[in-house]
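Input: a single structure, listed below in structure tokens.
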Amino acid sequence: MGSLNARTIGIGMVGHAFMGTAHSLGWRNARSFFAPPLLPRLTALAGRDRTAATATAERFDWSEVVTDWRDLIARDDIGLIDICAPGDTHAEIAVAALAAGKHVLCEKPLANSVAEAEAMAAAAAAARENGVRSMVGFTYRRVPAVALARRLVREGRVGELRHVRARYLQDWLTDPAAPLTWRLRRERAGSGALGDIGAHAVDLAQYLTGEDVTGVAAVTGTFVRERPLPDGGTGTVTVDDTAAFLGRMTGGALATFEATRCATGRKNALRIELNGTLGSLAFDFEDMNVLQFHDATADASVRGFTRIQVTEPEHPYIAAWWPPGHGLGYEHAFAHQAADLLTAVATGDDPEPSFDDGLRVQRVLAAVEESAAAGSAWTGIPGAAARTGTPDTEGKP
Ligand code: SOE
């Protein structure tokens with residue numbers, strides 16, 4: 001596959017479940033559809049459950065299976081570590097991999113705490129001095145409609161931002177009989193809906209606007225506190241089922257966020273809307289090939305929300321795939337992520353989102369939990385870009 005003399009890099013992936021599957025397909029499709037200057041070799045997959053890891057390895061033709069991620073880092077034929085394991089493993093693996101000179105792709109959220117995220121960002125900064133690259137897997141930035149929205153905001157097509165409205169709605173925990181998995185235990189996942197899917201909403205708000213969330217006022221909740229254990233009995237849920245919070249952006253825009261895995265009927269409804277002085281943008285992942293755009297400068301007779309079908313070759317990433325109108329799916333953003341990371345490694349650029357971007361999200365998540373614990377008190381985000389206040393926001397949260 002690929003030209004015989006192309007440069008290649010060995011990938012070592014930690015994890016083999018849902019994200020391991022999505023990333024495996026991402027590496028394969030990046031090679032087949034984007035032909036990056038550095039081609040991935042699926043060298044080895046690490047999983048504690050050798051049987052399950054072997055099943056994934058066989059599906060995607062990984063060359064080897066190991067049961068200890070440290071074996072991947074020790075190998076000279078592996079140049080990039082892809083972390084697709086639960087959040088409590090991210091910091092140890094990423095810091096060790098970066099210290100060993102391996103490039104790192106780490107699934108979101110970056111870590112289970114701000115302290116871990118700070119250590120990872122510091123390790124990434126040190127490794128960058130030696131040309132070692134790192135990226136955090138906020139893949140929704142690479143859905144073509146979202147990347148187009150970022151382009152339109154950068155071009156000034158929505159003008160000065162007034163509102164950001166980001167919510168991520170799923171319903172796979174609506175049923176009280178849904179089992180207690182690692183995602184429902186704080187020591188494994190760090191938080192519940194907030195970190196699992198709220199992190200995506202926060203990252204998209206910061207990515208699309210190019211600004212920071214500077215402060216929040218939050219409410220979190222857990223509807224079902226005891227859930228069945230996979231092998232009988234019940235266990236205690238120690239994370240949130242839902243989080244809702246207000247925020248203020250650097251430029252003064254008001255933001256609202258929601259993250260829940262109990263929104264009955266909403267399967268993967270990541271929705272974001274920006275309202276500005278010149279227009280609005282709206283995206284819903286459940287209609288992922290469409291970006292809605294309202295151009296307030298258009299002639300009144302034709303003014304309204306336009307449904308842009310983001311499947312033209314002029315649109316981000318589309319030229320590598322299908323003719324107009326054929327559409328993409330959930331898995332395509334993982335190929336875009338892999339292709340962009342491989343290109344950055346090959347050209348010596350720093351890929352985005354960086355571990356610093358992941359740290360910025362982690363600080364918002366921590367502020368949400370701090371605010372909720374303090375009765376929804378307004379809570380500032382350390383390090384957030386100072387607000388260029390407008391008259392009605394000076395000094396107010
Ligand atoms: C949660 O259900 C989840 O799998 C997230 O963890 C992923 O990041 C998201 O892409 C899909 O939903």
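Points to keep in mind about this one:
- Take the Cβ atoms of E160 and W378, set R0 to 22 Å, and the FRET efficiency comes out at 0.45.
- The label-point distance for D287 and D76, in a model that sets each label 7 Å from Cα toward Cβ, rounds to 5.6 nm.
- Cβ-Cβ FRET estimate between R48 and A300, R0 fixed at 56 Å, reported to 0.05: 0.35
- Once each of the trypsin sites (Lys or Arg not before Pro) sitting in a DSSP loop with at most 15 other beta-carbon atoms within 10 Å is removed, the chain keeps 49-224 as its longest stretch.
- Approximating the spin labels as points 7 Å out from Cα along Cα→Cβ, the A178-to-L254 distance works out to 3.1 nm.
- Exposed-site-free run, longest, the chain (rule: GluC sites (Glu not before Pro); DSSP loop; at most 16 other C-beta within 10 Å): 161-313
- The modelled label-to-label distance for the pair E314/A346, using points 7 Å beyond Cα in the direction of Cβ, is 2.7 nm.
- Fully extended contour minus Cα-Cα distance, from K267 to R151, at 0.36 nm per residue: 39.0 nm
- According to the Kirkwood relation over distinct C-alpha pairs, the hydrodynamic radius of the range 275-394 is 18.5 Å.
- In terms of overall dimensions, the range 1-135 has a Cα radius of gyration and Dmax of 14.3, 44 angstrom.
- Selected from V146, A377, A193, residue furthest toward positive end of dipole (the range 143-395; charges at beta carbon): A377
- Computed on the Cα trace of the chain, the radius of gyration divided by the Kirkwood hydrodynamic radius gives Rg/Rh = 0.96.
Read the figures in this text as sums done on the coordinates, not as results from a lab. Please read these numbers as outputs of a predicted model, since none were measured by experiment. Backbone-built Cβ (ideal geometry, glycine too); neighbour counts: all protein chains shown.
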